Structures are given as C-alpha cells and as structure tokens.
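Undergrad: Attaching a single structure in structure tokens format; questions to follow.
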Amino acid sequence: MPDVHSVAAEPLLNSSPVHVLFCTKDAGFARVMARALGDSFEVRHETEVTAHMLPGLESWWNVVALDLCSVECEQDLEGGLRILGEINKADLPPPVIVMHGNEDHRFVLKMMEHGAYDAASVPPNMLELRLILRRACNYYEAQRELSQLRNQDPSGARLQDLIGASIGMQQVFALARKVAPCDVNALITGETGTGKELLARAIHKLSGRSTGPFVGFSCASLPETLIEDELFGHERGAFTGALAVRRGRFEAADQGTLFLDEIGDLGLDMQSKLLRVLQSRSFERLGSNTPVTVNIRLICATNRNLAAMVESGSFREDLYYRLNVVQLHLPPLRERRDDILFLAHYFLSAFSQQFGKKVRRFSRLALHALEEYHWRGNVRELENMVQRAVVLAEGSTIEVWHLPSHMRKGFDQPESVHSYDEEVRDFKRRLIIRTLGECNWRKAETARTLGMARGYLHRLINQLQIVPEPSFKDALADKAPALKVKEMPDSPLSIRRIM
C-alpha cells in the first residue's frame, strides 16, 4: 500500500491540497519530505511508476517529484528517463520535478530535454520546493482545463472557425451572433492577423445567406484600375487583352456575402464608385453601359482608423456611415493573453494530426516564452509558429529551442538549480553522523537503519563532506543546543526531525 502523509503546517491558499506523487526508493526520505511540506500537500510514496498504475494515479496526482538520488549513480539517468517515459504515457501527464544531487546537473538537463518540468536539489530548500510544486500544480490544472475545453462542446469558446475564451472575444462573439441574422452592412476592425476574415465568414454562415456564396477580396496595394476590374468585371474588348466577358466579385457574390478586406486602402475615386453601387445595388462592367443588379450583403474590414481618415479627408464620410452600420472590433492577441495558451494547444492538436506526429504538449519554458512574447503578428503569427514547432519536434513535447530565436530570448537556458536550504542540510548531516556513530561507522548497517540505498548514503556522505572523526559526538554537541531533537515514535526507522 502507498504511503500517504499529511502534517500540519502553513494554511492553504485554496481548499484542496497539492497531490504530490513522490517517486523514490528511499522511504525514509519520503516520510521526511511529507512532514516538511505540511498540510498544503498530500504526499503519496511509490518506488516505481509503470503503465498499469496510471489509471489509479491519473485522477489523483497534480505533480510528480522524482528522486534521482535514490538509485545507484550509474543508473540515475537511465532509470529516471524510464520512469519519465512511463509517466508521459498518461493521457494528461503531470509535471515532473527532478530532485538531484549537487553533481547531477547533466542528468537534470537531459531530463528537462525529455519533458521534466523543473528541478530541485537534495536536500531541498523547502520554501522554494513548495513554490515549485504549487506552480507545477497550477500549470497542470491549466492543462486539465484546456483538455476539458477541447473535449467538451466548444461552442462557448468559438464562433465557427474563430476561437477565443477571453472576455473580449466572448463579447465579439455575442455581438456577431446578434448581427448575423440581420441583413445589414458590417465593419470589422482590428490589427493584421487577428482573424477579421474568419469573423466575416462566421457572420455569413450564421446568416440567412449561408447557402449563398462568400466572396472575399483584398483592396490592399492594388492599382485602382485593377481593383475596378476585379470588383465589377469587364466586357469583351473593353481593353487590350479582354478576350472574353469577365464577371467581377460583385456578381460572383450575388445572393451571398461580399467581404472587402483593407477597405481603408481604397482611393477616393473607387470610394465614390463603391458608394454608388451601395446606393443603387447596380453597376456596369468595364466597357458596358448595361446595368447589372445584385443582391449582396457587404462586410468590410480594415486595420486602419477610418474615423481619423474621415477627419483628414482621405476617406469619404458618407461611405464610412454606409459601411459602419455595425462595427465589430477584434482585440490584438497581446490584449487577450488568456487565449494564447488556448490557441497554442488548439493549433498543436490540429497540426500534430495533420502531419501525423505525436506532439502533445509544450514544455514549461516554451509556455513561458509564448506567454511573454508580444505577438505583433497576432493569431496568424502564433499559428505559423506552432506549425513550425510541430514540424521540428521529434518527441512528444515542444521545447523552447523549437521556437524561433527571437521568441526564446531569456528562455533558451534552463532555470538555474535552486540553492540548498542550510537548515535541512545541517539536519541531514547531523542525522547521518549520529546514525553512523550508533552503527560504529558501518555504512551498510547505517543505510539499512535509515531505510535508504547504500549508494545514496555514500553520495550523501560525499556531498555533505562527512568524515570519520573521533570527536564527532563532541562536535555535534557544540552545534546542537540551539535545536531540540525529538525522536519520532511513529516511524519504524531512526528518523528524527528538528522541532
């Protein structure tokens, strides 16, 4: 049966303790850690994690602490990677905290390359370890919520192909659902890459014109004559090279929706012609005097401030009011950061399936890099970045080095190994020295008494610089008065704690 410990300590920030699976062969160390963490944490001890154990663990754990020090030195990396691989077989793997000795930095880096969340030294700084475990738990809960959103009816977090769970996007979705059934012109504003065309398509699909065509056209950076030909078409012989009648976008969108992107780039002459079409619902092809009547709904989009352009005289005021019956504004991604991870995981799932890869998650550092980036290109930039990362990823995790170099500045090195908690270090040193003395410095008997692997004891002796001294009892007595040491009657091992 696994060991479950709960010990009174600091008050909880929420009603549920953090569930920590402590994976170590050193049962005594697990008990000490359970007591040191306190009531805010519920610790379950296992010596191994295997695939058949996952069904019973997945509904319980929030985070896994993996003790590399509890196996023989030459087996640390192999054993740690094997256990990490078993954990990653879970449908939603929890974050893994690697606990290591002072000389194990290369092991830690290798473990983090394979998806470990963070690292902590042994003996740990308990304050830092609590913070790491809570942060890992928050990360896991966020991953769980994202997974639940993906598995549930996504209608609340999306509008057709447009996705967003933030308050700003929910307001846009609500307005779009009201506007869609009403056959009025709409103006969509927002920066490049925010999804203006997706919103226009969503409005079209929710409208009574959904069975009709949706025709899109961008007015950006095109000569006026070409724009006129694209919108209205031409007759045969209208100009050199016009060998046949060509229907324009207005005709193609008849009984449906015409979407004009970057409407602010239209020149004043084309603005006048567009206004006339909106007033009369008819136009003439180039080279013809015969009016063509159409029944369309017009949705326009721009990344420019049309109201300011009206004030400066570069955009017609009467056209502006014709287009701006209802205005919908898509906020930039940097103003709705709640959507960054949601969108990133959505794109990750889509591209993994498209490319036939088994990439399932982002590493902690990669997620931090995504959250901190400015996203000048908005959702389009995020989509392209995730697509690139999925292509480059070789395992199940997107690491920070799979991101473009300009995104990973400050995140391209693992966080530094945490400092030792001197009090815990001194306690462990005194405990080992005392037990060695009781066992007449026989290390095998000392390891059995403490319930730890002999190799782990040897490493602790080296780390803590313990050497046999005839006067070790006197040296210990000189340091002991400030601390009261109490025997733990409930422990079958010679485990003591500082009171």
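Undergrad: Please pick out the residue among 33, 99 that is outside any loop (DSSP other than H, G, I, E, B) and either more than 29 Å from the chain's Cα centre (by Cα) or surrounded by fewer than 17 Cβ atoms within 10 Å (Cβ to Cβ) (or both). Give the steps one after another, and end with the answer.
TA: On the way: 99 fails: either more than 29 Å from the chain's Cα centre (by Cα) or surrounded by fewer than 17 Cβ atoms within 10 Å (Cβ to Cβ) (or both).
Only one candidate passes the filter, namely 33.
Undergrad: Now, a different point. Inspect the stretch 105-115 for any residue being more than 20 Å from residue 360 (Cβ to Cβ) and part of a loop (DSSP other than H, G, I, E, B) and give the result as yes or no.
TA: No, there is no match, as no residue in the stretch 105-115 is more than 20 Å from residue 360 (Cβ to Cβ) and part of a loop (DSSP other than H, G, I, E, B).
Undergrad: Now, a different point. Does residue 97 fit the bill of being at pLDDT 85 or above and within 17 Å of residue 397 (Cα to Cα)?
TA: On the way: at pLDDT 85 or above: yes; within 17 Å of residue 397 (Cα to Cα): yes.
Yes.
Undergrad: For the stretch 5-23, which positions are closer than 23 Å to residue 456 by Cβ and modelled with pLDDT under 85?
TA: Across the stretch 5-23, the qualifying residue is only 5.
Undergrad: Also, I was wondering about something else. Could you tell me which residue of the stretch 370-412 is nearest to residue 89 (Cα to Cα), considering only residues that are in a helix (DSSP H, G or I) and of a type in the set (S, T, N, Q)?
TA: 387
Undergrad: Follow-up. Quick check on residue 384: is it in contact with a Pro (Cβ under 6 Å, 6 or more places away or on another chain), at pLDDT 90 or above and either of a type in the set (S, T, N, Q) or surrounded by fewer than 20 Cβ atoms within 10 Å (Cβ to Cβ) (or both)?
TA: No.
Undergrad: Quick check: is even one residue across the stretch 278-300 within 41 Å of the chain's Cα centre (by Cα), closer than 18 Å to residue 224 by Cα and not hydroxyl-bearing (Ser, Thr, Tyr)?
TA: The answer is yes, given that some residue of the stretch 278-300 is within 41 Å of the chain's Cα centre (by Cα), closer than 18 Å to residue 224 by Cα and not hydroxyl-bearing (Ser, Thr, Tyr).
Undergrad: Please go through the stretch 352-369 and pick out each residue that is part of a helix (DSSP H, G or I) and out of contact with any Leu (no Cβ under 7 Å at 6 or more places or on another chain).
TA: Result: 352, 353, 354, 355, 364, 365, 368.
Undergrad: So in the stretch 237-256, with the set limited to residues that are in contact (Cβ under 8 Å) with a residue 40 or more places away in the chain and of a type outside the set (A, V, I, L, M), which one is surrounded by the most Cβ atoms within 10 Å (Cβ to Cβ)?
TA: 250
Undergrad: Checking residue 349 against (1) out of contact with any Gly (no Cβ under 6 Å at 6 or more places or on another chain); (2) modelled with pLDDT of 90 or more; (3) assigned to a helix (DSSP H, G or I); (4) surrounded by fewer than 19 Cβ atoms within 10 Å (Cβ to Cβ), only one condition comes out false. Which one?
TA: Unmet for residue 349, out of (1) out of contact with any Gly (no Cβ under 6 Å at 6 or more places or on another chain); (2) modelled with pLDDT of 90 or more; (3) assigned to a helix (DSSP H, G or I); (4) surrounded by fewer than 19 Cβ atoms within 10 Å (Cβ to Cβ): (2).
Undergrad: Hey, can you tell me all the residues within the stretch 299-313 that are part of a loop (DSSP other than H, G, I, E, B) and either among the aromatic types (Phe, Trp, Tyr) or farther than 13 Å from residue 265 by Cα (or both)?
TA: Once the filter is applied, which keeps residues that are part of a loop (DSSP other than H, G, I, E, B) and either among the aromatic types (Phe, Trp, Tyr) or farther than 13 Å from residue 265 by Cα (or both), the stretch 299-313 yields only 313.
Undergrad: Among the residues of the stretch 282-289, is there at least one that is in contact with a Leu (Cβ under 8 Å, 6 or more places away or on another chain), closer than 25 Å to residue 209 by Cβ and without any contact (Cβ under 8 Å) to a residue 24 or more places away in the chain?
TA: Scanning the stretch 282-289 turns up no residue that is in contact with a Leu (Cβ under 8 Å, 6 or more places away or on another chain), closer than 25 Å to residue 209 by Cβ and without any contact (Cβ under 8 Å) to a residue 24 or more places away in the chain.
Undergrad: Let me ask you something else. So which residues in the stretch 440-459 are touching a residue at least 60 places away in the same chain (Cβ under 8 Å), assigned to a loop (DSSP other than H, G, I, E, B) and not hydrophobic (A, V, I, L, M, F, W, C), if there are any at all? Give the derivation first.
TA: Just the residues of the stretch 440-459 that are touching a residue at least 60 places away in the same chain (Cβ under 8 Å), to begin with: 450-453, 455-456, 459.
Then drop every residue that is not assigned to a loop (DSSP other than H, G, I, E, B), which leaves 451-453.
Residue satisfying the conditions is 451 alone.
Undergrad: With under 37 Å from the mean Cα position of the chain (by Cα), farther than 20 Å from residue 160 by Cα and among the hydrophobic types (A, V, I, L, M, F, W, C) as the only criterion, which of 263, 227 stands out?
TA: Numbers: 227 fails: under 37 Å from the mean Cα position of the chain (by Cα).
That would be 263, the only listed residue that is under 37 Å from the mean Cα position of the chain (by Cα), farther than 20 Å from residue 160 by Cα and among the hydrophobic types (A, V, I, L, M, F, W, C).
Undergrad: OK, next. Give me the pairs, please: first residue somewhere in the stretch 204-227 and without any contact (Cβ under 8 Å) to a residue 40 or more places away in the chain, second residue anywhere and crowded, with 17+ Cβ neighbours inside 10 Å, beta-carbon distance under 7 Å, and either six or more positions apart or on two chains.
TA: Close Cβ pairs satisfying both conditions: 210/204.
Undergrad: Turning to a different aspect of this structure: Restricting attention to the stretch 299-337, and to residues there that are free of Cβ contacts under 8 Å to residues at least 12 places away in the same chain and among the hydrophobic types (A, V, I, L, M, F, W, C), which single residue is surrounded by the fewest Cβ atoms within 10 Å (Cβ to Cβ)?
TA: Looking at residues that are free of Cβ contacts under 8 Å to residues at least 12 places away in the same chain and among the hydrophobic types (A, V, I, L, M, F, W, C), I get 308.
Undergrad: Are there any pairs, at least 6 apart or on different chains, whose C-beta atoms fall under 6 Å, with the first in the stretch 385-408 and within 15 Å of residue 344 (Cα to Cα) and outside the structural domain of residue 111 (by TED's automatic domain parsing) and the second in a helix (DSSP H, G or I) and of a type in the set (Ser, Thr, Tyr), and if so, which?
TA: Between residues of the stretch 385-408 that are within 15 Å of residue 344 (Cα to Cα) and outside the structural domain of residue 111 (by TED's automatic domain parsing) and residues that are in a helix (DSSP H, G or I) and of a type in the set (Ser, Thr, Tyr), the close pairs are 390/352.
Undergrad: Run down 149, 131, 175, 92 and say which single residue is at pLDDT below 85 and assigned to a helix (DSSP H, G or I).
TA: Going through 149, 131, 175, 92 in turn, just one is at pLDDT below 85 and assigned to a helix (DSSP H, G or I): 149.
Undergrad: Being out of contact with any Asp or Glu (no Cβ under 9 Å at 6 or more places or on another chain) and assigned to a strand (DSSP E or B) is the filter; apply it to the stretch 178-195 and report the residue that is surrounded by the most Cβ atoms within 10 Å (Cβ to Cβ).
TA: Of everything passing the filter in the stretch 178-195, 186 is surrounded by the most Cβ atoms within 10 Å (Cβ to Cβ).
The values are calculated or read from the model by the stated rules, or taken from the named source; none is laboratory data. Note that this is a predicted model, so its numbers are computed, not measured. Cβ coordinates were reconstructed from backbone atoms using ideal geometry, including for glycine residues, and neighbour counts include every protein chain displayed.
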